[in-house]
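For reference, the structure is listed below as structure tokens.
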Amino acid sequence: MNLREQLISFEGYEHEAYPDPISADGKPFTIGVGHTGPEVHEGLTWTDAQIDSALDVDMAEAIEAAARTFPWFHTLNEPRQAVLVGMIFQMGLAGTLKFVNTLEDMSEGRWLDAANGIRSSKWAKQTKMRARLLAAQLESGSWA
């Protein structure tokens, strides 16, 4: 497993734009591997090359945000880095920063506490399987 494979397993690999299944109004529309943005709208279709290119950019942006924001990011092993990057990928940096206690626990290597912070979050209620798997991955330091 690696970050790219894990994101595809969670987000899917969609050639046609679809409405957000969690929001009440279906916005934002999403395409590819969890890609959103002003260019994504109902009826939009992408090729594999467009999906792969957007995923490369979106992953790089999430990794850069994690490295820039959390000085301890590079001390994490790859599966734990992927948890943090995956959170930023799905919720954005602003959403991830709301996990104040979980992030503090991560920075100090308190993996069980950090994992329990994920398990007890509103996010875990919205994306049950993803949050459960990422919490286990964070706790164990191994790919889920």
**OP:** Would you be able to say whether some residue in region 61-72 is under 13 Å from the mean Cα position of the chain (by Cα), farther than 23 Å from Ser142 by Cα and at pLDDT 95 or above?
**Re:** yes
Original post:
Among (1) over 23 Å from Glu14 (Cβ atoms); (2) free of Cβ contacts under 8 Å to residues at least 40 places away in the same chain, where does Asn77 come up short?
Top reply: (2)
Original post:
Which members of region 14-32 meet the condition of being in contact with a Leu (Cβ under 9 Å, 6 or more places away or on another chain) and either on the phi > 0 side of the Ramachandran plot or among the aromatic types (Phe, Trp, Tyr) (or both)?
Top reply: Phe29, Gly32
Original post:
If only one of Ala54, Ala82, Ala17 is surrounded by 18 or more Cβ atoms within 10 Å (Cβ to Cβ) and either of a type in the set (Phe, Trp, Tyr) or over 18 Å from the mean Cα position of the chain (by Cα) (or both), which one is it?
Top reply: Ala17
Subject >> Residue among Ser53, Ser121, Ser140 that is more than 24 Å from Asp20 (Cβ to Cβ) and not hydrophobic (A, V, I, L, M, F, W, C) >> reply: Ser140
Original post:
Do we have any residue at all in region 92-105 that's closer than 16 Å to Glu5 by Cβ and surrounded by 12 or more Cβ atoms within 10 Å (Cβ to Cβ)?
Top reply: no
Original post:
Just wondering, is there one or more residues in region 33-49 that are at positive phi, crowded, with 18+ Cβ neighbours inside 10 Å and in contact (Cβ under 8 Å) with a residue 24 or more places away in the chain?
Top reply: yes
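Yes or no, residue by residue, for (1) of a type in the set (Asp, Glu); (2) over 21 Å from Val83 (Cβ atoms); (3) in a helix (DSSP H, G or I):
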| position | (1), (2), (3) |
| --- | --- |
| Arg4 | no, no, yes |
| Glu16 | yes, yes, no |
| Ser23 | no, yes, no |
| Gly26 | no, yes, no |
| Ile31 | no, yes, no |
| Gly37 | no, yes, no |
| His41 | no, yes, no |
| Ala49 | no, yes, yes |
| Ser53 | no, yes, yes |
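Are any residues in region 120-144 surrounded by 15 or more Cβ atoms within 10 Å (Cβ to Cβ) and of a type in the set (D, E, K, R), and if so, which ones?
Answer for region 120-144, where residues must be surrounded by 15 or more Cβ atoms within 10 Å (Cβ to Cβ) and of a type in the set (D, E, K, R): Arg130, Arg132, Glu139.
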**OP:** Mind telling me which of the residues Ala66, Ala17, Ala24 ends up being under 23 Å from Lys122 (Cβ atoms), touching a Phe, Trp or Tyr at 6+ places or on another chain (Cβ under 8 Å) and of a type outside the set (Phe, Trp, Tyr)?
**Re:** Ala66
Original post:
Within region 100-111, can one find any residue that is touching a strand residue (DSSP E or B) at 6+ places or on another chain (Cβ under 7 Å), at pLDDT 95 or above and closer than 27 Å to Pro21 by Cβ?
Top reply: no
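The values are calculated or read from the model by the stated rules, or taken from the named source; none is laboratory data. Because the structure is predicted, anything quoted here is derived from the model rather than measured. Cβ atoms come from the backbone with ideal geometry, glycine included; neighbour counts cover every protein chain shown.
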